[in-house]
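Enquirer: Quick one: this structure, given as structure tokens, is what I'll be asking you about.
The values are calculated or read from the model by the stated rules, or taken from the named source; none is laboratory data. Please read all numbers here as calculations on a predicted model, not as lab measurements. A quick note on method: Cβ atoms are made from the backbone with ideal geometry, for glycine too, and the neighbour counts reach across all protein chains shown. Heads up: the accessible areas ignore ligands, DNA and RNA and are worked out on the full protein's heavy atoms, side chains in. Shrake-Rupley method; radii C 1.70, N 1.55, O 1.52, S 1.80 Å.
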Amino acid sequence: MAQNLVLNILAKDKTKQALGTVQRGLANLRSALFSVQSAIIGIGGGVTIRALVRTGSEVENLGLRFNFLFGNVKEGTKAFDNLIGFAARVPFSLEEISSASGNLAVVAKDADDLTRILKITGNVAAVTGLDFRQTAEQIQRSFAGGIAAADVFRERGVRALLGFKAGATITAEATIKAFEDTFGENGRFGKATEVLATTFTGTLSMLSDKLFKFQLDTNRAGFFDFFKNALVVI
């Protein structure tokens, strides 16, 4: 009887200890949740989350598209990393470059060739005043079907800058070579992007890139996968 009494007392003590541990754990969890909630509210709350999710979705789709276009994950990942490195040095937003790069990937042989075309596109955009996305679309048309396929370039005088005469039939191969010779690294306008980067507009673009890079790094740290998996569970 005495033994049973001792066992009952011990059992109650263990139960109290367990409940106390659970309660302390819940209190800590509640405190942590309030801390996270306060932090999120402090930096914009729902707006911040929506921006992170939008960035994560765009990057995920672009990475998947690169994998398809370049034939494997390794080359697709290399292309994406090259794109990030390019964006860090030019006066165009990372978001704008990433949205336009899908067009350029279509006419690129591999990840390194995409980087080369990105540089040409940046120089053309700097000289013509066109935004990066529209320039990329025109570059894709030029590289695929020749300069005659790019109507906007004709209006902006790019055809003349390349040295082509009006009315002449120019092949895609000749067009690509002319762009490389004129807007490539050693071309006449090979430094146009670097010059534009020193302007006020270029400086603002660099600041915008820092925010996009922060969102990208946050998603790579696991936020986007956590959010996506939570939706799957729901």
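Enquirer: Can you give the accessible area of residue 49 in Å² (nearest 10), computed on protein heavy atoms with a 1.4 Å probe?
Expert: 60 Å²
Enquirer: Moving on. Suppose all protein chains stay in the model; what accessible area per residue would a 1.4 Å probe give for the stretch 66-200, in Å²?
Expert: Heavy-atom SASA per residue in the stretch 66-200 reads 47 Å².
Enquirer: Run the quick spin-label model on residue 69 and residue 225: label points 7 Å from Cα toward the beta carbon, then report their separation in nm to one decimal.
Expert: Result for the modelled spin labels: 2.5 nm.
Enquirer: My understanding is that a pair violates if its Cα-Cα distance is over 23 Å; which of 109/165; 74/109; 177/213; 119/213; 78/177; 74/213 do that in this structure?
Expert: Distance filter (> 23 Å) returns 109/165; 177/213; 78/177.
Enquirer: Counting C-alpha atoms alone, how compact is the stretch 67-158: give Rg to one decimal and Dmax as a whole number, in angstrom.
Expert: Rg then Dmax for the stretch 67-158, in Å: 12.7, 39.
Enquirer: Sum up the charges of everything whose Cβ sits under 11 Å from the Cβ of residue 116, counting Lys and Arg as +1 and Asp and Glu as -1, but leave residue 116 out.
Expert: -3
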